[in-house]
Ligand code: 4NP
């Protein structure tokens, strides 16, 4: 089993969106029994909250299931347990490093580093921008590239 976790700050906007989109991509490719998907936030601000209304709304529009998702905080054990740790922005990487210096940081990937045709480094945070469509487009491109990378590297 290949284990993937998406990480943002609150775990209510971007990383649950990425988790839901990526899980759907994995399912569509018939890889659901080989790739496990999760998400977490570096803060403890929204533990146990369901995804933000804007994230739920856009996922519903694209008929991507959001049921049963609840925010949790990123733990140092996640750096051992997961094979791919995908940060939504550079501050998420700094936050993971600050809290868990001992972990294997080589597994940490910035989502938008996987997309070639963009100058964006950080997935804009719709909690502040209010633009869930822009975030959806970038997360979709990033997660598609991630699935190709994992299929290649894991020979799936
Ligand atoms: P996320 O967005 O990291 O994409 O879940 C945020 C959600 C909540 C807050 C900040 C960012 N907050 O300040 O509560």
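The values are calculated or read from the model by the stated rules, or taken from the named source; none is laboratory data. Note that the coordinates shown come from a computational prediction; the quantities given were computed from them, not determined experimentally. So basically every Cβ, Gly included, is an ideal-geometry build from the backbone, and we count neighbours across all protein chains shown.
So which residues in the range 126-156 are in contact (Cβ under 8 Å) with a residue 40 or more places away in the chain and closer than 15 Å to residue 53 by Cβ?
Residues satisfying the conditions are 126, 127, 130, 132, 133, 135, 136.
For residues that are in contact with a strand residue (DSSP E or B) (Cβ under 9 Å, 6 or more places away or on another chain) and under 16 Å from residue 154 (Cβ atoms), scanning just the range 6-28, find the one that is farthest from the ligand (Cβ to nearest atom). Outline the logic, then answer.
Residues of the range 6-28 that are in contact with a strand residue (DSSP E or B) (Cβ under 9 Å, 6 or more places away or on another chain), as a first pass: 6-12, 14-20, 22-23, 26.
Checking the rest, the ones that are also under 16 Å from residue 154 (Cβ atoms) come to 22, 26.
On the way: 22: 15, 26: 21 Å.
Only one residue fits best here, namely 26.
Restricting attention to the range 29-58, which residues are within 16 Å of the ligand (Cβ to nearest atom) and touching a residue at least 60 places away in the same chain (Cβ under 8 Å)?
Here is the first cut: in the range 29-58, the residues within 16 Å of the ligand (Cβ to nearest atom) are 38-58.
Scanning the range 29-58 gives 52, 54, 55, 57, 58.
Quick grid of which residues meet (1) surrounded by 15 or more Cβ atoms within 10 Å (Cβ to Cβ); (2) within 17 Å of the chain's Cα centre (by Cα):
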| site | (1), (2) |
| --- | --- |
| 84 | yes, yes |
| 92 | yes, yes |
| 96 | yes, yes |
| 109 | yes, yes |
| 124 | yes, yes |
| 134 | no, yes |
| 140 | yes, yes |
| 154 | no, no |
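Quick one: is residue 2 surrounded by fewer than 23 Cβ atoms within 10 Å (Cβ to Cβ) and touching a residue at least 12 places away in the same chain (Cβ under 8 Å)?
yes
Quick check: is even one residue across the range 60-67 more than 16 Å from residue 142 (Cβ to Cβ), loosely packed, with under 14 Cβ neighbours inside 10 Å, modelled with pLDDT under 95 and more than 11 Å from the ligand (Cβ to nearest atom)? I'd like the intermediate steps shown before the answer.
Filtering the range 60-67 for residues more than 16 Å from residue 142 (Cβ to Cβ) gives 60-61, 63, 65-67.
Among the residues that remain, those that are also loosely packed, with under 14 Cβ neighbours inside 10 Å are: 60-61, 63, 65, 67.
Pick out the ones that are also modelled with pLDDT under 95 and you get 67.
Right, trim to more than 11 Å from the ligand (Cβ to nearest atom) and you get 67.
There is at least one residue in the range 60-67 that is more than 16 Å from residue 142 (Cβ to Cβ), loosely packed, with under 14 Cβ neighbours inside 10 Å, modelled with pLDDT under 95 and more than 11 Å from the ligand (Cβ to nearest atom).
Residues to consider are 90, 75; find the one that is touching a strand residue (DSSP E or B) at 6+ places or on another chain (Cβ under 8 Å) and more than 16 Å from the ligand (Cβ to nearest atom).
Values: 90 fails: more than 16 Å from the ligand (Cβ to nearest atom).
Answer to the selection: 75.
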